[in-house]
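The structure appears below as structure tokens.
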Amino acid sequence: MTRSSIVKLRLSYKFAETIPVMRVFKFGGASVKDADGIINLYNIVKEETDRLVIIISAFGKTTNALERLHLAWRDSDPGFQSLFSEIMEYHLQVAEKLFGKMSPVLEMINCIFLKFNDTLQRVKPDDFDHDYDMIVSNGEVWSTIIVEAYLRSRGLKSCWVDARELIITDGRHRDAGVIWKASQNAVKETIAFNDVDLYVTQGFIGATEEGEATTLGREGSDYSAAIFANILDARDVVVWKDVPGIMNADPDWMPSAVILPHVSYLEAAEMTYSGAKIIHPKTIKPLHNKKIPMLVKSFSDHRGAGTIISDDAPHGEMCPVYVKKEGQILISLIPKDLSFVMGENLSSLFLLIAQSGLKVNLVQTGAVSINICADNEEPKISEVMEEMKQEYSILYNEGVEMLTVRHCTDEAAMMVAGTREVFLSQRTRNTVRMVVR
């Protein structure tokens with residue numbers, strides 16, 4: 001190598017070092033459930049020298065509370081106002097602890113809630129899923145307004161942006177599909193880091209091109225983080241959780257669970273599809289497509305190693321991974337004319353499932369029978385089963401769980417099933433799935 005080429009190499013390396021790096025941080029509801037959590041978020045963020053996009057979920061259990069509010073509003077339940085007041089007071093209390101009683105932030109939050117209440121008094125219930133998104137999407141808006149105001153009050157050069165103007169989706173409410181080209185244009189036009197070091201925006205939510213609020217599916221804030229990372233070519237995504245990393249089982253279910261320090265995109269996709277709640281199932285694809293690693297770390301121990309999800313996970317044997325998916329329904333279908341379960345039957349059935357948005361987790365077919373394990377999510381499940389009755393005789397079991405063991409051994413399969421009643425079992429090369437009660 002000549003002297004001139006060495007100089008060029010050094011100069012190019014030095015220039016590369018000066019190019020600002022962009023990262024995406026995502027904080028879940030448990031990490032911002034109170035004022036102390038938001039202060040902890042600030043302590044994590046203030047140490048970063050890179051540019052940041054921060055994705056934030058609704059505070060604590062606010063999404064659950066808004067789901068109850070949605071039902072009360074639709075049913076004209078007299079308890080609606082009490083539920084609304086509880087949610088409002090919760091946010092005002094958090095803001096008061098952060099800013100003090102006389103802060104203009106409290107007045108702003110109060111006005112936002114009163115406007116929201118006034119809207120619900122004027123609007124009449126419409127389609128269930130549409131109304132769900134209209135109401136439940138507000139949790140992330142409220143949380144990010146408070147968090148961004150606090151970061152700015154502590155001297156950080158932050159900016160609040162509305163994900164409903166950036167993540168453009170189709171009109172499938174409660175599980176919207178992202179329109180990537182429109183979203184790319186909106187994100188890149190808005191997030192330019194001109195005189196701003198970090199942007200604060202919402203997970204879980206988006207909007208149609210007509211401006212109707214949509215949501216990306218329950219726990220969809222991880223997916224939002226992956227979308228922003230993909231569009232902005234982030235160096236990595238850090239998901240801050242109330243656990244030290246991804247574990248081979250839910251420790252509340254299996255106290256012997258251990259942390260998995262490094263897993264592949266494929267392994268993470270399999271785990272999330274099977275029901276592992278550590279990240280949203282749709283999160284992996286946008287990251288994998290651009291080889292963007294994800295770190296899952298503890299917000300209470302932010303210097304801990306956590307788990308990394310990437311394309312270069314070490315090969316070799318893994319310990320068994322146990323996943324439990326609750327809230328399932330097992331549906332058994334038999335064609336009324338006893339026709340064989342072949343292409344035409346399957347294609348029409350899968351079309352019905354796709355159009356309904358029903359989340360199917362396992363399918364098993366016989367000569368004249370089809371078994372489906374799906375999320376028992378109303379009103380979708382009742383509507384789909386009513387449609388199925390036209391062509392099929394139906395048996396179903398509610399209150400069942402789907403258990404999955406990855407990298408399964410005979411001992412692991414027996415251990416996880418225990419003495420429970422097994423309705424259905426399915427085994428591939430290294431994975432066992434069972435529907436049990």
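Full extension of the segment from ASN430 to GLU326, taken as 0.36 nm per residue of separation minus the current Cα-Cα distance, would add 35.2 nm. In terms of packing, defined here as the mean over residues of other Cβ atoms within 10 angstrom, the peptides 411-423, 204-216 line up highest first as 204-216, 411-423.
Remark on segment 88-206: Rg and Dmax equal 16.0, 44 Å (Cα only). Segment 278-437: percent of C-alpha pairs farther apart than 28 Å? Roughly 37 percent, once rounded to a whole number. Taken over segment 21-235, the alpha-carbon convex hull comes to 110 cubic angstrom per residue. For the peptides 337-349, 244-256, the ranking by mean Cβ contacts within 10 Å, running from highest to lowest, is 244-256, 337-349. Counting 0.36 nm for each residue step from SER300 to CYS319 and taking away their Cα separation leaves a gain of 4.2 nm. Please compute the contact order of segment 286-367 in relative form: average sequence separation of alpha-carbon pairs under 8 Å and at least six residues apart, divided by the residue count, as a percent. Over segment 286-367, the number comes to 17 percent. With R₀ fixed at 51 Å, the C-beta to C-beta distance from MET254 to LYS336 puts the FRET efficiency at about 0.75.
Look at the alpha carbon pairs under 8 Å that are at least 6 residues apart: their mean separation over the length of the chain gives a relative contact order of 13 percent.
Pairwise Cα distances in segment 21-63 exceed 15 Å in 41 percent of cases. The calculated FRET efficiency for TYR273 paired with PHE193, based on their beta-carbon distance and R0 = 25 Å, is about 0.10. Under the simplified labelling scheme, the ASP311-CYS111 pair shows an inter-label distance of 4.9 nm, with each label point 7 Å from Cα along Cα→Cβ. Computed on the chain, the Cα convex hull volume stands at 191 Å³ per residue.
Sorting 363-371, 402-410 by their mean Cβ neighbour count within 10 Å, with the most densely packed peptide first, gives 402-410, 363-371. What FRET efficiency would be calculated for the residue pair SER382, GLU212, taking the C-beta separation as r and a Förster radius of 25 Å, to the nearest 0.05? Plugging the Cβ-Cβ distance into 1/(1 + (r/R0)^6) gives 0.50.
For the chain, the antiparallel share of DSSP beta bridges with both residues in that region comes to about 60%.
For the set LYS324/LYS359; LYS115/LYS241; LYS188/LYS297; LYS26/LYS359; LYS33/LYS324, the pairs lying more than 23 angstrom apart at their alpha carbons are LYS115/LYS241; LYS188/LYS297; LYS26/LYS359; LYS33/LYS324.
Below 8 Å between Cα atoms, with a sequence gap of 6+, how large is the relative contact order for segment 21-235 in percent? Worked out over segment 21-235, it gives 26 percent.
Every number here is computed from the coordinates shown, using simple stated rules; none is lab data. What you are looking at is a predicted structure, and each value in this text was computed from that prediction instead of being measured. Ideal geometry is used to build each Cβ from the backbone, glycine not excepted, and the neighbour counts take in all protein chains shown.
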